[in-house]
Amino acid sequence: MKNFVFLFNTFLVLAVASGCASISMSQLSAKKYQAREKDCHIEVFANPPADKKFEELCLISARGGQSIFEGKDVDSLLPGMKEKACQAGADAIILKNSKAGGYNFNAPADRAEATAVAIKFVANS
């Protein structure tokens, strides 16, 4: 029984540790804005807003984890992407590419992936 508990705990640790999510940010604008609060409100657009002028600040790329305990849909990546947008001083993100992940019993799980552009609204002149 002790061997079973040890093996189960080892599997659990490996399953959690092997599937870390990652989020990266690449600057697109030379202009820097002050970071906003960590949980600031960030709008999410599927297409660029036609009624507002904006500046592109940075490209945010997110990749979900491979473990069975992590979300495999794009929605599971949005909180981390919004947090990065807040760090950049953005008002919104425009999703460019996204792919939901999934499970495969014969291979590692597919990861959810998404790319977005963080934007800052500017005054119409």
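The values are calculated or read from the model by the stated rules, or taken from the named source; none is laboratory data. In this text the structure is predicted, and so the values were computed from the model without any measurement. Cβ atoms come from the backbone with ideal geometry, glycine included; neighbour counts cover every protein chain shown.
Descriptive notes on the structure:
- Those residues of the range 22-49 which are part of a strand (DSSP E or B) and either of a type in the set (Lys, Arg) or farther than 11 Å from Ala88 by Cβ (or both), in sequence order: Ser22, Ile23, Ser24, Glu43, Val44, Phe45
- Count of residues meeting criterion [within 14 Å of Ile119 (Cβ to Cβ) and either of a type in the set (Gly, Ala, Ser) or exposed (fewer than 11 other Cβ atoms within 10 Å of the Cβ) (or both)] in the range 19-40: 2
- Ser67 vs. criteria at pLDDT below 90, surrounded by 12 or more Cβ atoms within 10 Å (Cβ to Cβ) and touching a helix residue (DSSP H, G or I) at 6+ places or on another chain (Cβ under 6 Å): yes
- Restricting the range 77-114 to residues that are crowded, with 20+ Cβ neighbours inside 10 Å and not aliphatic (A, V, I, L, M) leaves a set whose member that is modelled with the lowest pLDDT is Gly101.
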